[in-house]
Amino acid sequence: MPTHNADIAAIFTEIADLLDLQQANPFRIRAYRNAARIVGELGREVRAMVERGEDLTDLPGIGDDLARKLREIVDTGKCRALDKLHAELPPAITELLHVPGLGPKRVRMLWHELDVQTLEQLARAARDGRIRDLPGFGAKTEANILQAVEAHLSKVRRIKLITAAQYAESLVAWLASASGVSRVEVAGSYRRCRETVGDLDILVIAAAGSSVMARFIAYDEAAEVLSHGPTRASVVLKCGLQVDLRVVEKAAYGAALCYFTGSKAHNIALRRLAQEQGLKLNEYGVFRGRERIAGADEESVYGALGLPWIAPELREDRGEIAAARAGRLPQLVQLADLRGDLHAHTTATDGHHTLEEMALAAKAQGLSYLAITEHSRRLAMAHGLDPRRLAEQCDAIDRLNEKLDGIMLLKGIEVDILEDGSLDLPDASLARLDLVIGAVHSRFDLPRARQTERILRAMDNPCFTMLAHPTGRVIESRAPYDVDMLRVIRQARQRGCFLELNAHPERLDLLDSHCMMAKEEGVLVAINSDAHSADDFVHLRLGIGQARRGWLAAADVLNARPLPELRRLLAQVRR
Ligand code: DGT
Ligand code: CA
Ligand code: CA
């Protein structure tokens, strides 16, 4: 049973949650949480590292004990430490921790006082008015809990793109090795690079008599077969992700790929366009009367409708068909267009690798410059830099640049934007830097007008270069803060500064719609990894996917510029 990083991360998270409920040593709990995050975001599979006999303690945050557990999970799919905790605590109790407003302390109280062990029991207790009398709860809290748990129970579960990729890639490899298979591709929202996917839609071209269907049903990660016929089947994987498989003939492959890539809105708009031309479009092809005039590849399908091929990331019915008709589709940015990365951390704050290790990793990724942008002092948890330590790092970067070849380090900072819009370091410290990235890391709860003013004021600082992760959201876990993004973008244009598209798998922020806005207003976007380790540069491809969804071309991307031009642009921002 192959174990993916997401499975390992889920096991470690559950251990941490259960230990939390047992009031175990906080350091132990934090070690599991860190390990879960690191493994969950790692750009390569831990399983492959184990198979190659690599030293797992090289991974940040992984010591001997956790390395042993990683090997155990990879080898057996299980972890005895978790089994032991399951024997001591109710099986579904960690679900309660995921209800907003409920921490370990409250969950323990609900469990001990009211015997609440599941979400359903929690909702019932709230409806019956039994929670309000518990110490520290009250009627208002009870109402909030009920609302939160109902929202939680009705929410459709979507999974992050990076996690979906782990499951998709090994399933594709498994299907591709079936007899008679000539092509396997994941369509749907996955191919459109949406930040989360609801399920996977896989398309296969297979010769008659191929074993691909049998192989799909027999996949050892499949937990349940929902339906199963000669050309279509659906299964649910053990991780809970549904997969729909379609086997199609070669002559219809392009039409099927187009149909199952969607989006539904794009499909409907295309079909309408076909009808206007007296044609019929469906998943088998483009037809004039009974004659199929296109279908083998997507180019032929779009071509038959008088359109150039449209990149999957654009297929959301947001003007792409009109743009295609008018010959105005953007030449979308590609990973290879990136010349550098403008946001990274090192061991000086909460990163896991040194300046030199980060520089070499960026170079290995094909980049020619890398900005080091540590946290500022306000972020004490991350060991943020004060003016003295920032100056020391600048000196270290100067020394290292003399010896580095083929990669240039730039001096930067990810400075906290304080509640009043001032920056967390004095201008004198910031003035020495090549770039100053401002970020909101606190008071996410400010009302829209104040949050917007706060950010506009920060951008007004003469040293300010770029706004990091502009909405602050964390995918599927923290809502964006309330901010008037159009005003922020317009201010950026007036001020001549830039916005970041943070490529971290849990952020992907700017959102696609904001990228479109920035492009419209003429504000350049930087696609940054926010790397905290040498492995993190691989995340840039996720940022590229999001940028493409936002219609960005290389010309719209700040770090697609070669270093001399970048330097000129950075210098211009300075007042
Ligand atoms: P997801 O799975 O929620 O992340 O989103 P999708 O876009 O992958 O949606 P899914 O899996 O329900 O269906 C895959 C594609 O199949 C979808 O993007 C377009 C196509 N499709 C599904 N249902 C319909 C429909 O009722 N009409 C049309 N025209 N296309 C559909
Ligand atoms: Ca889907
Ligand atoms: Ca589907």
(request) Determine whether residue 201 is of a type in the set (Asp, Glu) and within 16 Å of ligand 3 (Cβ to nearest atom). (result) yes
(request) Might you check whether a residue that is assigned to a helix (DSSP H, G or I), aliphatic (A, V, I, L, M), open to solvent by 30 Å² or more (accessible area, probe 1.4 Å) and more than 30 Å from residue 266 (Cα to Cα) occurs anywhere in the range 554-567? (result) yes
(request) May I ask you to list the residues in the range 3-23 that are modelled with pLDDT of 95 or more and either of a type in the set (Phe, Trp, Tyr) or not in a helix (DSSP H, G or I) (or both)? (result) 12
(request) Please work out which residue is nearest to residue 210 (Cα to Cα), limiting yourself to the range 244-267 and to residues that are within 25 Å of the chain's Cα centre (by Cα) and among the charged types (D, E, K, R). (result) 244
(message) One residue is enough: does the range 254-265 have a residue meeting the conditions charged (D, E, K, R), within 13 Å of ligand 1 (Cβ to nearest atom) and either surrounded by fewer than 22 Cβ atoms within 10 Å (Cβ to Cβ) or outside the structural domain of residue 219 (by TED's automatic domain parsing) (or both)?
(response) yes
(request) Please specify each residue of the range 424-453 satisfying the condition of being over 22 Å from residue 386 (Cα atoms) and of a type outside the set (Phe, Trp, Tyr). (result) 445, 446, 447, 448, 449, 450, 451, 452, 453
(message) Cβ-Cβ under 6 Å, sequence separation 6+ or interchain: first residue in the range 267-289 and without any contact (Cβ under 8 Å) to a residue 60 or more places away in the chain, partner away from ligand 3 (no atom under 16 Å from the Cβ) and of a type in the set (Asp, Glu). Which pairs?
(response) 269/317
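Condition check: crowded, with 19+ Cβ neighbours inside 10 Å, more than 26 Å from residue 153 (Cα to Cα) and modelled with pLDDT under 95. Does residue 45 satisfy that?
Details: crowded, with 19+ Cβ neighbours inside 10 Å: yes; more than 26 Å from residue 153 (Cα to Cα): yes; modelled with pLDDT under 95: yes.
In short, yes.
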(request) For the range 529-536, indicate whether the set of residues that are touching a residue at least 60 places away in the same chain (Cβ under 8 Å), closer than 26 Å to residue 311 by Cβ and in a helix (DSSP H, G or I) is non-empty. (result) yes
(message) On the basis of being outside the structural domain of residue 541 (by TED's automatic domain parsing) and touching a Phe, Trp or Tyr at 6+ places or on another chain (Cβ under 9 Å), does residue 206 make the cut?
(response) no
(message) Given (1) in contact with a strand residue (DSSP E or B) (Cβ under 7 Å, 6 or more places away or on another chain); (2) part of a helix (DSSP H, G or I); (3) surrounded by fewer than 20 Cβ atoms within 10 Å (Cβ to Cβ), identify the lone condition not met by residue 516.
(response) (1)
(message) Go through the range 217-246 and report how many residues are open to solvent by less than 30 Å² (accessible area, probe 1.4 Å) and away from ligand 2 (no atom under 16 Å from the Cβ).
(response) 4
(request) Go through the range 143-193 and give me each residue that's part of a loop (DSSP other than H, G, I, E, B), open to solvent by 60 Å² or more (accessible area, probe 1.4 Å) and either within 15 Å of ligand 1 (Cβ to nearest atom) or among the basic types (Lys, Arg) (or both). (result) 155, 156, 157, 158
(request) Among the numbered conditions (1) modelled with pLDDT of 95 or more; (2) surrounded by 20 or more Cβ atoms within 10 Å (Cβ to Cβ); (3) out of contact with any helix residue (DSSP H, G or I) (no Cβ under 7 Å at 6 or more places or on another chain), tell me where residue 390 comes up short. (result) (3)
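The values are calculated or read from the model by the stated rules, or taken from the named source; none is laboratory data. Just so you know, these numbers come straight off a predicted model, no measurement behind them. Neighbour counts are summed over all protein chains in view; Cβ atoms, including those assigned to glycine, are modelled from backbone coordinates with ideal geometry. To get the accessible areas, we keep the full protein, side chains included, count just its heavy atoms, and leave off ligands, DNA and RNA. Shrake-Rupley method; radii C 1.70, N 1.55, O 1.52, S 1.80 Å.
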